[in-house]
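In what follows, a structure is listed as structure tokens, so that the remarks can point back to it.
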Amino acid sequence: MRQILITGGAGFIGSCLCEKLIEDKNNFVVIVDNLTTGSISKLPTKHKGRWKFIKCNVNNYRDISKVFLFYNFDYIFHYAAVVGVQRTQENQKKVLKDLHGIEHILDLSKNSKIKKIFFSSSSEVYGESVEFPQNENVTPLNSRIPYAIVKNACEAYLKSYNKEYGIKYTIFRFFNTYGSKQNKDFVIPRFLNLALTNSPITIYGNGSQTRTFCFIDDNIDATYSIFSDSCKNDNYPNDIINIGGDNEIKIIDLAKTIIKLTNSKSELIHLPPLKDGDMQRRLPDITKMKKILKRELISLENGIEKILKDTSYIMG
């Protein structure tokens with residue numbers, strides 16, 4: 001049986017990944033999370049013999065080393081991090097501590113039987129790009145805010161430990177993934193929450209900044225396919241892969257789309273632009289992801305409709 005560690009596994013993407021992994025009876029998943037932004041309510045409800053939750057701060061060496069002493073992991077998904085634009089801007093020292101987490105994971109892995117580490121990086125490492133679409137190996141990294149700098153440094157940790165100790169890795173650069181379990185302080189669930197209550201929807205600046213959005217099923221199907229490939233052929237050794245959508249939309253148009261889909265009476269209110277962390281444009285090159293996924297991506301409208309139809313919809 002494969003033993004798999006997911007750090008940050010009580011968070012949005014980590015918990016959805018766990019649900020996918022435990023569908024396979026050959027996988028046993030250990031979920032660790034300090035529950036700062038994660039939630040017990042997001043943990044799986046099925047296959048209880050195939051997973052275990054441990055409250056643990058990966059940035060604390062004593063905490064995470066005890067987990068490694070008890071289990072003999074084959075694969076690691078390191079998803080634990082401080083997330084959210086405002087949260088990371090308001091807790092910059094806490095964000096920097098996430099460097100301890102990657103170092104602990106790598107130090108504990110270098111003399112173990114770990115076959116590969118999968119790391120959740122971010123579109124933020126590209127900074128304010130001048131080249132679009134943002135290609136993994138061509139677009140210059142222009143990290144500015146602490147969160148982006150930490151993600152960039154974590155990528156460097158993985159590359160360095162690979163060269164020195166042979167630890168294999170795959171880096172996922174996530175671009176705005178959304179879905180039912182996402183915390184309500186992220187843009188789509190925040191807009192949905194306001195629209196469903198006919199409350200004013202607030203937008204930073206004039207709303208002309210653009211993003212692409214990736215429904216959670218596309219994220220999980222792509223990353224799980226890469227994991228499955230790694231267990232067999234490993235066609236993506238020590239690679240970086242953008243995980244996102246490729247349909248660009250202005251934030252103001254996103255708000256209007258949500259108002260339309262929810263038949264809301266919400267009005268749009270503009271707030272002053274954020275000083276940092278609100279990049280003007282995001283558009284990933286997802287050529288690799290499409291090749292892996294082997295199907296069309298779920299459209300923004302269909303993704304939002306799936307959330308609205310989900311009776312287990314978690315609003316935070």
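Going through (1) outside any loop (DSSP other than H, G, I, E, B); (2) touching a residue at least 40 places away in the same chain (Cβ under 8 Å) one by one, Phe132 falls short only on (1). Taking the condition free of Cβ contacts under 8 Å to residues at least 40 places away in the same chain and surrounded by 16 or more Cβ atoms within 10 Å (Cβ to Cβ), does Ser123 pass? So Ser123 fails the test.
The residue that is surrounded by the most Cβ atoms within 10 Å (Cβ to Cβ), counting only those in region 28-41 that are within 21 Å of Phe215 (Cβ to Cβ) and in contact with a helix residue (DSSP H, G or I) (Cβ under 8 Å, 6 or more places away or on another chain), is Gly38. Across region 189-203, a minimum of one residue is classified as under 19 Å from the mean Cα position of the chain (by Cα), under 27 Å from Phe172 (Cα atoms), surrounded by 18 or more Cβ atoms within 10 Å (Cβ to Cβ) and not assigned by TED's automatic domain parsing to the domain that holds Phe132.
Just one of the listed residues (Leu308, Leu261, Leu271) is in contact with an Asp or Glu (Cβ under 7 Å, 6 or more places away or on another chain) and hydrophobic (A, V, I, L, M, F, W, C), and it is Leu261.
Cβ-Cβ distance below 9 Å, separation of 6 or more or different chains: which pairs start in region 14-27 with a residue that is buried (at least 21 other Cβ atoms within 10 Å of the Cβ) and end on one that is of a type in the set (Asp, Glu)? Short answer, once both residue conditions are applied: Gly14/Asp33; Ser15/Asp33; Cys16/Asp217.
Reported count of residues in region 273-292, each being assigned to a loop (DSSP other than H, G, I, E, B) and either touching a strand residue (DSSP E or B) at 6+ places or on another chain (Cβ under 7 Å) or of a type in the set (D, E, K, R) (or both), is 10. Taken over region 135-156, residues that are part of a loop (DSSP other than H, G, I, E, B) and under 17 Å from Gln86 (Cα atoms) amount to 3.
Determine which member of the set Ile102, Ile117, Ile64, Ile76 is under 17 Å from Cys154 (Cβ atoms), under 18 Å from the mean Cα position of the chain (by Cα), in a helix (DSSP H, G or I) and modelled with pLDDT of 95 or more. One residue alone meets the criteria, Ile102. Entry remark, region 13-30: residues being assigned to a helix (DSSP H, G or I) and either of a type in the set (A, V, I, L, M) or at pLDDT below 95 (or both) number 3 in total. Exactly one of these conditions fails for Ile226: (1) part of a helix (DSSP H, G or I); (2) surrounded by 16 or more Cβ atoms within 10 Å (Cβ to Cβ); (3) outside the structural domain of Asp74 (by TED's automatic domain parsing). Give me its number. So Ile226 meets the others, but not (3).
Test Ile220 against the criterion of being of a type in the set (A, V, I, L, M, F, W, C), in a helix (DSSP H, G or I) and in contact (Cβ under 8 Å) with a residue 60 or more places away in the chain, and give yes or no.
Values: of a type in the set (A, V, I, L, M, F, W, C): yes; in a helix (DSSP H, G or I): yes; in contact (Cβ under 8 Å) with a residue 60 or more places away in the chain: yes.
So Ile220 fits the description; yes.
Quick grid of which residues meet (1) over 30 Å from Ser41 (Cα atoms); (2) in contact with a Ser or Thr (Cβ under 7 Å, 6 or more places away or on another chain); (3) of a type outside the set (Ser, Thr, Tyr):
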{"position": "Glu128", "(1), (2), (3)": "yes, no, yes"}
{"position": "Asn152", "(1), (2), (3)": "yes, yes, yes"}
{"position": "Tyr161", "(1), (2), (3)": "yes, no, no"}
{"position": "Phe174", "(1), (2), (3)": "no, yes, yes"}
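If you filter region 142-183 down to residues that are under 12 Å from the mean Cα position of the chain (by Cα) and within 18 Å of Asp98 (Cα to Cα), you find that the one that is surrounded by the most Cβ atoms within 10 Å (Cβ to Cβ) is Lys151. Here Leu300 meets the list (1) closer than 30 Å to Arg2 by Cβ; (2) surrounded by 17 or more Cβ atoms within 10 Å (Cβ to Cβ) almost entirely, failing just condition (1).
The values are calculated or read from the model by the stated rules, or taken from the named source; none is laboratory data. Please read all numbers here as calculations on a predicted model, not as lab measurements. Cβ: placed from backbone, ideal geometry, glycine included. Neighbour counts: every protein chain shown.
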